[in-house]
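Engineer: Questions regarding the structure given below will be posed in turn.
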Amino acid sequence: MFELFFYAVPTLMIAGFAAALAGLLRRAWRINRTWSRGLTAEGRCLRMFTTTSGGGGDTSVHTTVHHVHEFTTHDGRSIRFEEKNGPATVLEGDFVTVRYLPERPERATALPPARARLAAGTGFAVAFLGVAIAFCVVFLVTAHMMFTEG
């Protein structure tokens, strides 16, 4: 029973890291596809706000900028969406260029195309998750060898 702990925890961690990796790659693919093939429309920033995370004191506090945008699709539908990590220079009432895919306008983006930044950020996160998965696999193999020899 004790051995199960050494197999279950790293296996669950691998599953979590793999799910995060899949979500990250899916998001990067979607944003890049929207930048490449999406339609453009004029949108307006309806609201800008920030959220903070972290405890303060000895730990750092991270601030995230959020924007709520609204635009009208080419077929006349009014779409409102929220987006994180947009530029802090976009304020309530500002006009923005919105890019969207006609089949999923609710997944629009007002972020200006920055493919190199997207690739670098995604690459760093993929490398980090790959190292974490590799560490868990090494731990599993080492634990297995320890339990089968002992």
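Engineer: Hey, does the range 87-97 have a residue that's touching a residue at least 40 places away in the same chain (Cβ under 8 Å) and either assigned to a helix (DSSP H, G or I) or in contact with a Phe, Trp or Tyr (Cβ under 8 Å, 6 or more places away or on another chain) (or both)?
Structural biologist: No, the range 87-97 has no match at all.
Engineer: Continuing with this model, one more query. Of all residues being under 20 Å from Phe49 (Cβ atoms) and assigned to a loop (DSSP other than H, G, I, E, B) in the range 98-122, which is nearest to the chain's Cα centre (by Cα)? Just the residue, please.
Structural biologist: By that ranking, first place goes to Leu111.
Engineer: Can you find, within the range 78-90, the residue that is nearest to the chain's Cα centre (by Cα) among those that are at pLDDT 95 or above and surrounded by 11 or more Cβ atoms within 10 Å (Cβ to Cβ)?
Structural biologist: Glu83
Every residue, every condition in (1) under 11 Å from Ala41 (Cα atoms); (2) out of contact with any helix residue (DSSP H, G or I) (no Cβ under 8 Å at 6 or more places or on another chain), yes or no:
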site: His67; (1), (2): no, yes
site: Thr73; (1), (2): yes, yes
site: Phe81; (1), (2): no, yes
site: Asn85; (1), (2): no, yes
site: Glu92; (1), (2): no, yes
site: Val96; (1), (2): yes, yes
site: Arg99; (1), (2): yes, no
site: Arg104; (1), (2): no, yes
site: Pro113; (1), (2): no, no
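Engineer: Let me ask something additional. Out of all the residues in the range 69-84, which are outside any strand (DSSP E or B) and either polar (S, T, N, Q) or within 17 Å of Ile31 (Cα to Cα) (or both)?
Structural biologist: Here is the first cut: in the range 69-84, the ones outside any strand (DSSP E or B) are 73-77.
Answer for the range 69-84, where residues must be outside any strand (DSSP E or B) and either polar (S, T, N, Q) or within 17 Å of Ile31 (Cα to Cα) (or both): just Thr73.
Engineer: For Thr34, all conditions in the list (1) in a helix (DSSP H, G or I); (2) of a type in the set (S, T, N, Q); (3) surrounded by 12 or more Cβ atoms within 10 Å (Cβ to Cβ); (4) free of Cβ contacts under 8 Å to residues at least 40 places away in the same chain hold save one; what is the number of the exception?
Structural biologist: (4)
The values are calculated or read from the model by the stated rules, or taken from the named source; none is laboratory data. Note that the coordinates shown come from a computational prediction; the quantities given were computed from them, not determined experimentally. Counting neighbours? That spans all protein chains shown, and the Cβs are built from the backbone with ideal geometry, glycine included.
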